[in-house]
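Taking it in order: structure first as structure tokens, then the write-up.
The values are calculated or read from the model by the stated rules, or taken from the named source; none is laboratory data. The shown structure was predicted, so the numbers you read here are calculated from the model rather than taken from an experiment. Reconstructed Cβ throughout: ideal geometry from the backbone, glycine too, with neighbour counts over all protein chains shown. Ligands, DNA and RNA are stripped out before the accessible areas are found, and what is left, the full protein with its side chains, is counted by its heavy atoms. Shrake-Rupley method; radii C 1.70, N 1.55, O 1.52, S 1.80 Å.
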Amino acid sequence: MDIRGKLHFLRQNLFIYIMGVLLIWGMKHLYSRADCDSLRWILGPTARWVEALSGIPFTYEPGMGYVNHGLRYLIAPSCSGVQFMIITAAMLIFSFSHLWVGGRHLAGLRLGRLPWMGFRHLTGLWRWMRCHRLTELRPWTELPWPGLRLAESRHPEAPLSENPRGDGSPPESAGSPGTTGPSGTRAAASGRNAAAAAPAPDSQRPRAILRILPGLAWIAISLLLSYGFTIFVNGLRIVAAIYLPYFFRRSGVSGSWLTPDRLHTMIGAVVYFASLLTIHRLAGLLFDRFPGAGKDRPSTPVLGKCLAPLFWYFFIVLGIPFLNRASRRGNGQFAEFALLVALCCGTVLLLYGLGVLVRRKIQGRG
């Protein structure tokens, strides 16, 4: 893609990207100031999902979260998974909004087609009504209904030779260049063609809105998908965080280095990043299934397809705290946390790449 194509691409999707940045910033800002009572919209479904997976009951304690006193385990606001929801929403919005707005996939994804199609038909109806002056309050006999003749729309006592425009000007004769003569017919036709070719001033605004509506629809769908994925993935992470420490203690794997806090960090990084790669892959396969997808997109290497999940995970988990100078607080705890996250994500990427290579070799032999 040349510079002109990049500028055109940015101009088409700039509004959606700005809306995505504002949305991500607003979610991050609200999450940093939220308590457990204001996060029950995600803590409650997560606790119910954990109960369904493990059979461990949790009760809500105001000001604390969902607690199991027997296991001494707490699902606190820090375990709500809102940060993973922000990462997933950002990845879906900025990685696939241009494909959704492009329109070639809207034929298969009916959910995104309905809003902008309905608005397009409504604006078209409004322009038709304004063109025929239907927005003015007139008697029904004067409205241009289909099949209604001009003589029928006149007043019964008005002669047929009366000027239909009603502006006091004399009626045009047969030889005048108005409506009946050959030159008048050509002039009227050319005038009608010029009027039809010139775009109406008010038509530019609905077109701009129609270009924005698919992007806004994809932002809403991305939020809904990220909310559902967050509850599902976070429930799996919490169950793993409950059972894996007990399994490691019985196996004698845990020691002085593998502390419960480090194990908790490693479980979260592996589960969240692997789930993020899976969601990105599923979304890419969903868009590639429809006609016209992938014809104008070059082939991407295996690791190149992981750049979007990798960027958004590292930017929100490590980049934003680093910019907020969190690395200067905690006596090196942030550096240890960043190292653990990088090692876990690197291991997941290595396993993902090996799995893709093995699958390609198997398909090549078959």
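Out of the residues in region 30-40 that are more than 19 Å from Leu224 (Cα to Cα) and either aliphatic (A, V, I, L, M) or not in a loop (DSSP other than H, G, I, E, B) (or both), state the one that is least open to solvent (accessible area, probe 1.4 Å).
Only one residue fits best here, namely Ala34.
Working carefully through the options Ile87, Ile56, find the one that is surrounded by 12 or more Cβ atoms within 10 Å (Cβ to Cβ) and part of a loop (DSSP other than H, G, I, E, B).
Checking each option against the conditions leaves just Ile56.
Say we look at region 250-290 and pick out the residues that are within 20 Å of Trp100 (Cα to Cα) and of a type in the set (Phe, Trp, Tyr); which of these is farthest from the chain's Cα centre (by Cα)?
Of everything passing the filter in region 250-290, Phe290 is farthest from the chain's Cα centre (by Cα).
If we scan region 299-308, do we find a residue that is open to solvent by less than 70 Å² (accessible area, probe 1.4 Å), in a helix (DSSP H, G or I) and modelled with pLDDT under 90?
For region 299-308, residues open to solvent by less than 70 Å² (accessible area, probe 1.4 Å), in a helix (DSSP H, G or I) and modelled with pLDDT under 90: present.
Residue-by-condition table, conditions (1) at pLDDT 90 or above; (2) surrounded by 16 or more Cβ atoms within 10 Å (Cβ to Cβ); (3) touching a strand residue (DSSP E or B) at 6+ places or on another chain (Cβ under 6 Å):
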position	(1), (2), (3)
Gly26	yes, no, no
Tyr73	yes, yes, no
Ser97	no, yes, no
Gly112	no, yes, no
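Consider region 5-49. How many of its residues are under 22 Å from the mean Cα position of the chain (by Cα) and not aliphatic (A, V, I, L, M)?
Within region 5-49, residues that are under 22 Å from the mean Cα position of the chain (by Cα) and not aliphatic (A, V, I, L, M) number 15.
At positive phi, surrounded by 15 or more Cβ atoms within 10 Å (Cβ to Cβ) and touching a helix residue (DSSP H, G or I) at 6+ places or on another chain (Cβ under 8 Å), is that true of Gly20?
no
Sort out which residues of region 240-261 are at pLDDT 90 or above and out of contact with any strand residue (DSSP E or B) (no Cβ under 9 Å at 6 or more places or on another chain), and write them in order of number.
Across region 240-261, the qualifying residues are Ala240, Tyr243, Leu244.
Considering only region 216-254, state which residues are among the charged types (D, E, K, R) and within 22 Å of Trp41 (Cβ to Cβ).
Answer for region 216-254, where residues must be among the charged types (D, E, K, R) and within 22 Å of Trp41 (Cβ to Cβ): just Arg237.
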